[in-house]
Amino acid sequence: MTDRARPFILGIGGTPKPRSSSEKALEISLAAAAGEGAETLLIGGDDLIMPMYTAAGNTWTAEVTNLLAAMRRADGVIISSPAYHGSISGLLKNALDYTEEMRTDERPYFDGKPVGLISCAAGWQGAGQTLQALRSIVHALRGWPTPLGAVINTSLPVFDSEGEVVDMAAKFQLETVGRQVMQFCRWQQRSDFQPAIAV
């Protein structure tokens, strides 16, 4: 964890395609968190191209090392995925599989961390299914998904040619996700905050 006065929020997502919708969406959520006082980092695109995770051992690249260091340091996380055949992309799933290396940490996986979720798809059905898949993964990683998950239908005009969001409903969702992650971090900073303990 970082300086309690300035939580560190890690954004994971996007695709290797430059300026993908899921990465642009993630940038908007991270900007909203930064506006609330967060330090932010986005790991996406080519930085998510890593060896396939296997429990038997891996060839650790600089990308793997950087991702694990950032996940361990993060006070909160925002994940953004494109919808691939009704679920998250293999690229993102592989990145999240590396959390298995955090299983014996003092704070394993995403234990107790707020996790904002974004799903982008060319249609509502795929986006909704992908958001549900993300929620299930975050629960398995002991994270706390934010109450609002952003569902972005990219078959509609969402971003302009400069990457600025033009759909105000999408903008509201994305900014709310970033703010809710920060709100939860602030709650955790309170001296009287008592997290639930799993038994």
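The values are calculated or read from the model by the stated rules, or taken from the named source; none is laboratory data. Nothing here was measured: the structure is a model prediction, and the numbers come from that model. Positions of Cβ are generated from backbone atoms using ideal geometry, with glycine treated the same way; all protein chains shown enter the neighbour counts.
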Original post:
Taking region 28-67, which residues are crowded, with 19+ Cβ neighbours inside 10 Å, closer than 27 Å to GLN189 by Cα and either more than 18 Å from the chain's Cα centre (by Cα) or not small (Gly, Ala, Ser) (or both)?
Top reply: ILE28, LEU30, THR40, LEU42, LEU67
**OP:** Check off (1) part of a helix (DSSP H, G or I); (2) within 28 Å of LEU148 (Cβ to Cβ) for THR65 and give me the number that stays unchecked.
**Re:** (2)
Original post:
Considering only residues of region 148-199 that are over 19 Å from LEU134 (Cβ atoms), surrounded by 13 or more Cβ atoms within 10 Å (Cβ to Cβ) and of a type in the set (S, T, N, Q), which is modelled with the highest pLDDT?
Top reply: GLN183
Original post:
Is there a residue in region 126-135 that is of a type in the set (D, E, K, R) and in contact (Cβ under 8 Å) with a residue 40 or more places away in the chain?
Top reply: no
Subject >> The one condition in (1) under 23 Å from SER119 (Cα atoms); (2) out of contact with any helix residue (DSSP H, G or I) (no Cβ under 8 Å at 6 or more places or on another chain); (3) in a loop (DSSP other than H, G, I, E, B) that ALA70 fails to fulfil >> reply: (3)
**OP:** Report whether or not LYS24 is assigned to a helix (DSSP H, G or I), among the charged types (D, E, K, R), surrounded by 13 or more Cβ atoms within 10 Å (Cβ to Cβ) and in contact (Cβ under 8 Å) with a residue 60 or more places away in the chain.
**Re:** yes
Original post:
Looking at region 73-86, is at least one residue surrounded by fewer than 22 Cβ atoms within 10 Å (Cβ to Cβ) and of a type in the set (A, V, I, L, M, F, W, C)?
Top reply: no
